[in-house]
Amino acid sequence: MRTWALCTIVALLLCFLSAGVAVGLGVAQASQTAGSSPGAAPETTLASISGEELERAGIILSPTSVKASVSSGSAGQTALDNTPRGSTVRETVLAQVTFGQGGINNRAMWVVSVGPPYSIHMENGDSPVPLFAKWDVAFVDPSTGSFVESALSSS
Amino acid sequence: MLGPKPRPLVRISRWTLRLTLTAAMGSAMALYVPIAVHAGGCTGSGRTPGSGPKPSNFSYFDGVDAQDNGSELGGVYSDIKDYSPYVNTGDAGAYSSQWVMLKQQAPCQWAQAGYKQFINGSAQSTRRSFVSYTASSNQTGCSPYTDQSGIVEIDYTLGDTEGSYHYFTVTYGSCTYDCTVAWGVYLNAFRFYHDGAQLGGDYNVNNVADGNWFVPDLAEIKAEISKFKEQMAGNGTDKEDFSSNHFWSGGSSGSWKTMGGDYWNPSYQSQYFGNTVNSDTDVQVWDKTATGCTS
């Protein structure tokens, strides 16, 4: 009986200890999250397109904790299937994406930069002179691998 | 002593698995958007590069435009037939498109929405809906527009089937989709719609870093090819159809006007392309000279 009671007490202590550790970790994590305000969060960058160029088009990339179910290679192929022929994948990053004009609000995406620059004709506003995209990025859902949309800009 | 095998749990687990798989398949089907195949295009290989009056990589247009004595326009829409024109697989980055547009003629800026056919990275003819707008402009006139800065284009997946009709709408200011918003509240943004559903978010011209601002005074409904070699949408027996064409003029006391009468101007090059005005709200266009097209 005493042994049983002792075991029960030890088990309860272990439970409390585990709960305490879990709560402690949670508080610590919450503090860390609260401490990293959106403004202070480091931006995720692309080597092939400057942050300034993306920002000019209204695209903001930031780090994500989401784990992708589809590989970057698969995302790259999806991007090529949805962007004009002649493009190659310049780089692929997983990021939280906010793109107001594109209707994307803080969503985890594979961001696939395709190129080369100035190889893709852009809509040119009823002008006969051709205009070309300086950059083109495709957004691919990291959990389903489906193409969401692409954005391209002449500047 | 072990008791009965916990079959209910197993059944629940299997059913859960089945439900999960069914839901996953349903989600996948919902997310899958078929690519419209090239079926309505002319046979053959388009036109010979260099045979047109302009350089081979210059664009051509076929459709109508409308204005109301320089008045501010609040919107433009058309019920556009989904047609898959021929695009040469060898023309990387080229396209054939059909769209509606609001434009400011000076300084030149625009916002447009429509269909776009191009060859993708797997050499397949691919069709997407798109929006495009100028985020800045350093140029006074629109033709020719050579400013290589500040144009943004967004391409979306597309579930429309070839031959079906779908509304594309661009609105400006207080004129939201049906222009029923209270006009006292001035909303300085362009919006793009496909069958009444907004494509992306608002493009607020006030948010542009350089303080860019533009007020549309011209509405356009057109088909376009980015290179002379591609097919303008439509052929002699299966024409591209822009129907229910309207634009909004007159601000808060305005109305949707037809793209006809005193307002409009058919715009095309008749030696290469056809343009038939069926009524004030309907115009059909087609390609006459791409290989295999019937005029």
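Matching residues to (1) part of a loop (DSSP other than H, G, I, E, B); (2) within 24 Å of B:Gln124 (Cα to Cα); (3) more than 7 Å from chain B (Cβ to nearest Cβ); (4) out of contact with any strand residue (DSSP E or B) (no Cβ under 8 Å at 6 or more places or on another chain):
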residue	(1), (2), (3), (4)
A:Gln96	no, no, yes, no
A:Ser113	no, yes, yes, no
A:Val129	yes, no, no, yes
A:Thr144	yes, yes, no, yes
Just one of (1) touching a Cys at 6+ places or on another chain (Cβ under 8 Å); (2) modelled with pLDDT of 95 or more trips up A:Pro142, so point out which. (1)
Condition broken by B:Ser122, with the remaining ones in (1) within 7 Å of chain A (Cβ to nearest Cβ); (2) within 26 Å of A:Val140 (Cα to Cα); (3) outside any loop (DSSP other than H, G, I, E, B) satisfied: (3)
Only one of B:Ser132, B:Ser125, B:Ser164, B:Ser174 is of a type in the set (Ser, Thr, Tyr), under 12 Å from the mean Cα position of the chain (by Cα) and modelled with pLDDT of 75 or more; which? B:Ser132
Based on this model, can you work out whether A:Thr92 counts as in contact with a helix residue (DSSP H, G or I) (Cβ under 7 Å, 6 or more places away or on another chain), buried (at least 16 other Cβ atoms within 10 Å of the Cβ), under 11 Å from A:Val140 (Cα atoms) and among the β-branched types (Val, Ile, Thr)? yes
Quick check on segment A:71-87. Is at least one of its residues in a strand (DSSP E or B), facing another protein chain (nearest Cβ under 8 Å) and touching a strand residue (DSSP E or B) at 6+ places or on another chain (Cβ under 7 Å)? yes
Quick check on B:Asp79: is it surrounded by fewer than 21 Cβ atoms within 10 Å (Cβ to Cβ) and acidic (Asp, Glu)? yes
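The values are calculated or read from the model by the stated rules, or taken from the named source; none is laboratory data. The structure displayed is predicted, hence computed values, not measured ones. Here Cβ is always computed from backbone atoms with ideal geometry, including for glycine, and neighbour counts include all displayed protein chains.
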